[in-house]
């Protein structure tokens, strides 16, 4: 295996958790370093060259084509939110339930594939048909509530993993893999994660059945917003989520994709979107009162958000 490019550049399908995490052992700390996902991340910290750059571009083009095949004819709603959202935070359980409700209506949930609100969305989607299993899983995950703050230092300047950071990351990953392994594959509902090796210290969640992982972060970000034509839910977040809000707002203002407005739903838990980041007045000024009233929903009630997205008047007409 070439350490500078350890994955195949040409592929016709998206990744699965089985493929990306081959070699991960919940009982063996440090085993994440043996997985294709980690090796691909490590390759991005090695010296670049033209050939590797070309292979990465080919890989990402294949991922985009496979992604488009996977979502063809499917309504897609993306869920955005902070990667720091703890598994024991009430908002985490809210995102789980919202994703389950959206999935139960035949809509494909998509996220950036990382921890926090993104992980919660895929957990809810995976277990959409089993509310008891969802509650049990949330309780299990709460025993390892916070994504390790040291994860950013996973690799040193020589691209070698830090054993202590690997252990901390393993302790956080383990309960998710145990839940995933205990779930009957036939019962898992579909969802799409769109992560990037640019943020490779944040491993994608095993709860997503389909993983469109990119080397290029810009392709990944723009592409995720592009496919979510049936709406985006913005959970509580910070700078990264705000960036996504206004990137989506720009695309909506100019009707960049399919000449349509992708509905924007803000899950206002803890006053994130009416207090800390009061986005409403700015978006209303940008879109105008009519489009704002039709396409933007800011509410703390999960049922209001679900109804807004599922029954949006433009959902079937585009």
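Values quoted throughout were computed directly from the atomic coordinates according to the rules given, and no laboratory measurement underlies them. Not measured: the values here are computed from a predicted model. Because the Cβ atoms are built from the backbone with ideal geometry, glycine has one as well, and the counts that use them run over all protein chains shown.
Just to verify a number: FRET efficiency for residue 159 and residue 69, C-beta to C-beta distance, R0 = 35 Å, to 0.05?
After rounding to 0.05, the efficiency reads 0.55.
What are the radius of gyration and Dmax of the chain, computed over its Cα atoms and given in Å?
For the chain, the Cα radius of gyration and maximum Cα-Cα distance read 19.0, 57 Å.
Ranking 108, 219 by Cβ neighbours within 10 Å, fewest first, what do you get?
Arranged by neighbour count, lowest to highest, 108, 219 become 219, 108.
Select from 13, 74, 35 the residue whose mean-square fluctuation is largest in a Gaussian network model of the chain (Cα-Cα springs shorter than 10 Å).
Top of the fluctuation ranking is 74.
Before rounding to the nearest 500, sum -39500 (n - 2.57) across all DSSP H runs of length at least 4 in the chain and divide by the residue total; then give [θ] at 222 nm in deg cm²/dmol.
The helix contribution divided over the chain gives -13500 deg cm²/dmol.
According to a simple spin-label model (label point 7 Å from Cα along Cα-to-Cβ), what is the distance in nm between residue 49 and residue 13?
It is 3.2 nm.
With axes computed from alpha carbons, what is the tilt in degrees of helix 90-104 against the longest principal axis of the chain, rounded to the nearest 10 within 0 to 90?
Tilt of helix 90-104: around 80 degrees.
Using the alpha-carbon atoms, what tilt in degrees (0 to 90, nearest 10) does helix 163-182 show relative to the longest principal axis of the chain?
So the helix axis and the longest Cα principal axis differ by about 60 degrees.
When the chain is modelled as a GNM with alpha-carbon springs shorter than 10 Å, which of 189, 250, 62 fluctuates the most?
Maximum fluctuation in the GNM of the chain, among the listed residues, is at 250.
Cut-off 10 angstrom, C-alpha nodes, Gaussian network model of the chain. Which of 275, 237, 86 fluctuates the most?
275
Can you tell me the FRET efficiency between residue 171 and residue 259 if r is taken as the Cβ-Cβ distance and R0 is 45 Å, rounded to the nearest 0.05?
The pair residue 171/residue 259 has a calculated efficiency of 0.40.
What fraction of the DSSP beta bridges in the chain is antiparallel, stated in percent and rounded to the nearest 5?
10 percent
Mind pulling the angle between the C-alpha long axis of helix 217-227 and the longest principal axis of the chain? Nearest 10 degrees, somewhere in 0 to 90.
Orientation of helix 217-227: about 40 degrees from the principal axis.
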